[in-house]
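These notes are about the structure you will find just below.
The values are calculated or read from the model by the stated rules, or taken from the named source; none is laboratory data. These figures come from a predicted structure and were not determined experimentally. Every residue, glycine as well, gets a Cβ built from its backbone with ideal geometry; the counts of neighbours run over all protein chains shown. When the accessible area is computed, the model is the full protein with side chains, heavy atoms only, and any ligands, DNA or RNA have been set aside. Shrake-Rupley method; radii C 1.70, N 1.55, O 1.52, S 1.80 Å.
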Amino acid sequence: MSEDIIIGIDLAKNVFQLHGARRDGRVLFRKKLTRAQFKAFCEGHPKCLIAMEACSTSHYWARELQAMGHDVRLVPPLYVKPFVKRNKNDAADAEAITEAALRPSMSFVAPKSADQQAATMMMRTRDQLLEQRTATVNALRGHLAEFGLIAPVGIKNVAKLRSILADTPDIPTLVTEMAKLHFDRIDRLSSEIEALTAKINNHCRESDTAKRLRSMPGIGPIAAMVIEAFAPDMTHFEKGRDFAAWLGLVPKQHSSGGKTRLGQTSKMGQRDIRRVLITGAMSRIAGHARQSSRAEPWLQDKLDRKPKMVAAIALANKMARQIWAMISKEEKYQPRKIAA
């Protein structure tokens, strides 16, 4: 492998911009290649370091280039932007990617496997179907409210809305026909969501990682699947705090002049895992409220002094650190015993 050469690539659908340079910054070439030319060029080029922005297609190309023997690094787009000089164009972006990848302190994105990307596609598809069903239900409620037909919010009340429409006389035929289109679409979306949920449950029953994650309170099949699909290899994090920070479950800093200022949650991380952890934390807090029981001392202290959402984010941060330990050590969740 040629350790002295690095190629920065600005990816696109059909046209790829390449910037080849040496480690000392000397430019070797600038090329604009089509998709077919790009693959042929990489196959014939001596093995070297290749850098790309982490984007939707970068993981596919990372797998392809690694199979050719190249060393591939994916740079977060946010970290590339400071290296773009003046005007933005494909050639400047490729050069900036090269510059960013050469920084010793740069953080890189771990390439995803094809199976991992397939799992993320399934979870995103389920979320999309849920959004479409919610939008359809809300549209139907809004339309029928114009005719005085009212039902409570929620998918569970669609059947009630259907019966109200059927029992109401003097409704125009066109309204009934349009409502039927909405009801049919809601039923179709619900069946597709149920099919995906069943597939997720089956996977969680077979996956050792999912079984381990589900042993933690607040983590169900959906959350376990999201964590397994979107989280990188835990060896990329030195400790659990790094994983929690990667999820954006830490305060945003505005420190200056030696004075530390911590603000709201940074949210600068993987939003899917962060969302399910906060949802799981809220469910744990709600469980204590339903059972009229006190939570563990540190969490109860947060609930007594802070808003519920602040306590939930603190609990989600702790859950993230525990998940890192569980996966890294291949152990199930072990609750800490509270002294009487």
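With respect to Ala223, is the statement that it is within 21 Å of Ala316 (Cβ to Cβ), in a helix (DSSP H, G or I) and open to solvent by less than 50 Å² (accessible area, probe 1.4 Å) true? Criteria met by Ala223.
Ile278 meets all of the listed conditions (1) of a type outside the set (Asp, Glu); (2) within 20 Å of Ala118 (Cα to Cα); (3) surrounded by 18 or more Cβ atoms within 10 Å (Cβ to Cβ) but one, namely (2). If the condition is being more than 24 Å from the chain's Cα centre (by Cα), more than 20 Å from Ala114 (Cβ to Cβ) and not basic (Lys, Arg), then region 39-70 contributes Ala40, Phe41, Gly44, His45, Pro46, Cys48, Leu49. Among the conditions (1) hydrophobic (A, V, I, L, M, F, W, C); (2) exposed (fewer than 12 other Cβ atoms within 10 Å of the Cβ); (3) farther than 30 Å from Phe230 by Cβ, the only one that Leu33 does not satisfy is (2). Across region 290-309, the qualifying residues are those that are open to solvent by 70 Å² or more (accessible area, probe 1.4 Å) and among the hydrophobic types (A, V, I, L, M, F, W, C), and the one among them that is nearest to the chain's Cα centre (by Cα) is Met309. Restricting the first member to region 82-97 and to residues that are under 16 Å from Ala12 (Cβ atoms), and the second to residues that are assigned to a helix (DSSP H, G or I) and open to solvent by 100 Å² or more (accessible area, probe 1.4 Å), the beta-carbon pairs closer than 8 Å and six or more apart or on different chains are Ala96/Lys81. When region 102-148 is limited to residues that are among the β-branched types (Val, Ile, Thr) and within 16 Å of the chain's Cα centre (by Cα), the one that is surrounded by the fewest Cβ atoms within 10 Å (Cβ to Cβ) turns out to be Thr125. Pairs are defined by a Cβ separation below 9 Å, a sequence spacing of at least 6 or placement on different chains, a first member in region 155-180 that is touching a residue at least 24 places away in the same chain (Cβ under 8 Å) and open to solvent by less than 60 Å² (accessible area, probe 1.4 Å), and a second member that is small (Gly, Ala, Ser) and not in a helix (DSSP H, G or I); the pairs so defined are Val158/Ala151. Of the residues making up region 243-255, those that are of a type outside the set (A, V, I, L, M), out of contact with any helix residue (DSSP H, G or I) (no Cβ under 8 Å at 6 or more places or on another chain) and either part of a loop (DSSP other than H, G, I, E, B) or open to solvent by less than 80 Å² (accessible area, probe 1.4 Å) (or both) number 4. Just to verify a result, which residue in region 37-58, among those that are under 30 Å from Arg124 (Cα atoms) and open to solvent by 40 Å² or more (accessible area, probe 1.4 Å), is modelled with the lowest pLDDT? Ranking the candidates gives Ser56 first.
Pairs meeting the criteria (first residue in region 246-271 and touching a residue at least 60 places away in the same chain (Cβ under 8 Å), second residue open to solvent by less than 100 Å² (accessible area, probe 1.4 Å) and outside any helix (DSSP H, G or I), beta carbons under 6 Å, at least 6 apart or on different chains) are Leu247/Gly269; Leu247/Gln270; Val250/Ser266.
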